[in-house]
Amino acid sequence: MKQLKTIKAFRARIARYFSAIQGEYHIEKVPARNAKDKTDLIDQKVWDREPEPATLSGLALALGFTSISELEAYERDGKFAKLAKKARLKVEAEYEKKLHYQSSTGAIFFLKNLGWNEKADDFLKELPKTVTIEIIDSGPGLASNEKDVRID
């Protein structure tokens with residue numbers, strides 16, 4: 001990777017990557033679907049370049065690395081390691097959002113490869129095996145009818 005000398009340049013490459021994957025479009029005026037005449041126009045988004053999903057390999061390429069392992073090494077020892085880790089986390093967040101879609105198999109695969117674990121084993125080991133519920137009376141008992149209530 002060609003070493004970037006400033007954090008500003010490194011940050012700019014990251015911003016350019018995430019901006020580029022948003023795609024590019026322009027707005028055209030087109031007749032409304034149920035319009036009776038052609039003068040009833042609405043704005044329609046026309047994609048010049050379709051949006052792309054965020055990927056680690058795309059991020060690595062945008063930052064000038066030649067492999068994911070180079071990116072990972074930089075995250076450990078690089079001059080701007082913290083910024084590289086935040087960029088990776090942003091990619092991970094995009095895949096995490098996809099877990100809410102109906103077909104999230106690809107996102108699950110990606111997140112598992114990043115070390116996510118779908119099992120709650122460690123959490124469940126810390127829970128007690130039995131739970132005891134105890135009801136403790138505090139204060140005066142409940143009145144059975146309004147004649148039992150005394151107002152002083």
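Things to note:
- Selection of the stretch 1-53 for residues being of a type outside the set (Val, Ile, Thr), in a strand (DSSP E or B) and within 31 Å of the chain's Cα centre (by Cα) yields 24, 25, 26, 43, 44, 45, 47, 48, 49.
- Per the listing 41, 63, 56, the residue uniquely within 30 Å of residue 109 (Cα to Cα), aliphatic (A, V, I, L, M) and without any contact (Cβ under 8 Å) to a residue 40 or more places away in the chain is 56.
- Residue that is nearest to residue 78 (Cα to Cα) [pool: residues in the stretch 25-57 that are acidic (Asp, Glu) and out of contact with any Pro (no Cβ under 9 Å at 6 or more places or on another chain)]: 52
- Failed condition for residue 85, given (1) surrounded by 13 or more Cβ atoms within 10 Å (Cβ to Cβ); (2) touching a residue at least 24 places away in the same chain (Cβ under 8 Å); (3) under 23 Å from the mean Cα position of the chain (by Cα); (4) closer than 20 Å to residue 110 by Cα: (2)
- All of 64, 58 fail the test of being under 30 Å from residue 26 (Cα atoms) and surrounded by fewer than 16 Cβ atoms within 10 Å (Cβ to Cβ), apart from 64.
- Criterion (of a type in the set (D, E, K, R), in contact (Cβ under 8 Å) with a residue 24 or more places away in the chain and within 30 Å of residue 10 (Cβ to Cβ)) met by exactly one of 92, 72, 24: 24
- Every test in (1) more than 26 Å from residue 113 (Cβ to Cβ); (2) over 23 Å from the mean Cα position of the chain (by Cα); (3) without any contact (Cβ under 8 Å) to a residue 40 or more places away in the chain is passed by residue 79 save one, and that test is (3).
- Scanning the stretch 126-136 for residues that are of a type outside the set (Val, Ile, Thr) and modelled with pLDDT of 75 or more gives a single hit, 134.
The values are calculated or read from the model by the stated rules, or taken from the named source; none is laboratory data. Source: prediction; values computed, not measured. Every residue, glycine among them, receives a Cβ derived from its backbone with ideal geometry; neighbour counts consider all protein chains shown.
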